Amino acid sequence: MSYQLVGNHPAIQKIRELIGLVSDTALSVLLLGETGTGKEVVARLLHACSPRRDKRLIKVNCGALPLSLLESELFGYEKGAFTRADKFKPGKFELASEGVIFLDQIGDMPLLLQAKLLEVLQSGEFARLGGTEVVKVNAWVIASTNHNLEQDIKEGRFREDLYYRLNVIKVELPPLRDRKEDIPLLTDYFVEKYRNEFASGNHFQLGMPIRELFSAYHWPGNVRELSSTIIRLMMGDEPEEVRAELVGNMIADRVSLPEVVTVAEEERNIGEQAKRAVTSLKAVKLNAARDIEKKAIVNALDLARWNKKVAAKILKISYKSLFNKMHSHGISIKRSS
Ligand SMILES: Nc1ncnc2c1ncn2[C@@H]1O[C@H](COP(=O)(O)OP(=O)(O)OP(=O)(O)O)[C@@H](O)[C@H]1O
Ligand SMILES: [Mg+2]
């Protein structure tokens, strides 16, 4: 699979240059940026441009596993290290030997393991769980996260010393909304890329209105969201539907709407939202009223020791009406006297 970092924004150009410079060095790289901004693309390009390209890039999702499993995943274990360790298993650090270990979602790594990782990186060696043999670390460490690590450090969720150890080379991927000039370029890139994958691909055209909306949209899911929106359109989703969804997201996130979204459309959308809000308010009132009524009936029945005639009198309704209401609220006759 080939990876490409598409974009002409100065920040992206700088990252491309940096990839060229860093890939020879094996200095630790920390990739930062919101979800979908291209951190994994950069990690894979670093690997592909480096002399390590013929060795493996091993990715570990540090947020997906609980502490003990993640520890054995990273460092491996000897047979008998714990109950289910029926055979030796090498860790990802070993599998990435001479290659790259990509510590994805490092911001989600449990604190205890952060301490061990730091120790391993500093000493350059470790032992498998349940073992004594010393294994050398010679994988190139590239870490990535969409967290604000400095904030996490302040709040005690990330170790400052590990941050400095990983952050030798920092690469910050800007959100797509901060490099809007790249949107048309990325759009054309994805249309071309997926052309052969969908039946409609060869004749697929994106109209100007949707392209203009793409350029104005705030892309909270960044390049990944742009790519999946294009896939949806190429698979045959109605452009009108996609348009309405994007406009709806912009209204929900209070992003100013572009002129292409006409006033009429804006009003229609707000009108629909308002209608929904009123309907749901009515539903809230109705549910609350029903809850209160049910409580009053149960209280009256308790007071009357579940004698329905007496309870109906307390509630000042007819016996038949109480019977019907009990039925509609699903109150079963616990006791009758
Ligand atoms: N500059 C780019 N050029 C081409 N494709 C890109 C670019 N940036 C991202 N993509 C594509 O967008 C998708 C998301 O990118 P990627 O997986 O690298 O995001 P990420 O930053 O690792 O996100 P997360 O924090 O959610 O893991 C991928 O399919 C990737 O190929
Ligand atoms: Mg990623």
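The values are calculated or read from the model by the stated rules, or taken from the named source; none is laboratory data. Values in this document were obtained by computation on a predicted structure and should not be read as measured data. Using ideal geometry, Cβ is built from the backbone for each residue, glycine included, and neighbour counts are taken over all protein chains shown.
Which count do you get for residues in the stretch 179-216 that are among the acidic types (Asp, Glu) and in contact (Cβ under 8 Å) with a residue 12 or more places away in the chain? It would help to see each step written out before you state the result.
In the first step, residues of the stretch 179-216 are kept if they are among the acidic types (Asp, Glu); the result is 181-182, 188, 192, 197, 212.
From the residues that got through so far, the ones that are in contact (Cβ under 8 Å) with a residue 12 or more places away in the chain too are 181-182, 197, 212.
Selection size over the stretch 179-216: 4.
Any chance the stretch 266-280 includes a residue that's modelled with pLDDT of 70 or more, of a type in the set (Val, Ile, Thr) and farther than 30 Å from residue 219 by Cβ? No, because not a single residue in the stretch 266-280 is modelled with pLDDT of 70 or more, of a type in the set (Val, Ile, Thr) and farther than 30 Å from residue 219 by Cβ. For the stretch 1-10, residues that are more than 8 Å from ligand 1 (Cβ to nearest atom), crowded, with 16+ Cβ neighbours inside 10 Å and of a type in the set (A, V, I, L, M) total 0.
When each of 186, 176 is tested for being within 16 Å of ligand 2 (Cβ to nearest atom), within 30 Å of residue 26 (Cα to Cα) and of a type in the set (A, V, I, L, M, F, W, C), the lone residue that passes is 176. Looking at this structure, is residue 115 modelled with pLDDT of 95 or more, crowded, with 18+ Cβ neighbours inside 10 Å and more than 30 Å from residue 211 (Cα to Cα)? No: the conditions fail for residue 115.
Can you say whether residue 185 is modelled with pLDDT of 90 or more, away from ligand 1 (no atom under 16 Å from the Cβ) and over 15 Å from residue 36 (Cα atoms), as far as the supplied structure shows? Criteria not met by residue 185. Of all residues in the stretch 136-165, those satisfying the criterion of being modelled with pLDDT of 95 or more, under 29 Å from residue 51 (Cβ atoms) and away from ligand 1 (no atom under 16 Å from the Cβ) are 139, 140, 141, 162, 163, 164, 165. Just one residue in the set 74, 65, 30, 18 is away from ligand 1 (no atom under 12 Å from the Cβ), modelled with pLDDT under 95 and assigned by TED's automatic domain parsing to the domain that holds residue 170; that residue is 65. Of the residues making up the stretch 194-223, just one is in contact with a helix residue (DSSP H, G or I) (Cβ under 7 Å, 6 or more places away or on another chain), part of a helix (DSSP H, G or I) and modelled with pLDDT under 90, namely 201.
What do you reckon, is residue 175 at pLDDT 95 or above, surrounded by fewer than 16 Cβ atoms within 10 Å (Cβ to Cβ) and touching a helix residue (DSSP H, G or I) at 6+ places or on another chain (Cβ under 9 Å)? Show your work before the answer.
Values: at pLDDT 95 or above: yes; surrounded by fewer than 16 Cβ atoms within 10 Å (Cβ to Cβ): no; touching a helix residue (DSSP H, G or I) at 6+ places or on another chain (Cβ under 9 Å): yes.
Considered against the rule, which asks whether it is at pLDDT 95 or above, surrounded by fewer than 16 Cβ atoms within 10 Å (Cβ to Cβ) and touching a helix residue (DSSP H, G or I) at 6+ places or on another chain (Cβ under 9 Å), residue 175 comes out as no.
Output yes when any residue across the stretch 121-140 is without any contact (Cβ under 8 Å) to a residue 40 or more places away in the chain and either part of a helix (DSSP H, G or I) or out of contact with any strand residue (DSSP E or B) (no Cβ under 9 Å at 6 or more places or on another chain) (or both), and no when none is. Yes; the residues of the stretch 121-140 include at least one that is without any contact (Cβ under 8 Å) to a residue 40 or more places away in the chain and either part of a helix (DSSP H, G or I) or out of contact with any strand residue (DSSP E or B) (no Cβ under 9 Å at 6 or more places or on another chain) (or both). Take the residues of the stretch 217-239 that are free of Cβ contacts under 8 Å to residues at least 40 places away in the same chain and among the charged types (D, E, K, R): which is nearest to ligand 2 (Cβ to nearest atom)? Restricting to residues being free of Cβ contacts under 8 Å to residues at least 40 places away in the same chain and among the charged types (D, E, K, R), the top hit is 232.
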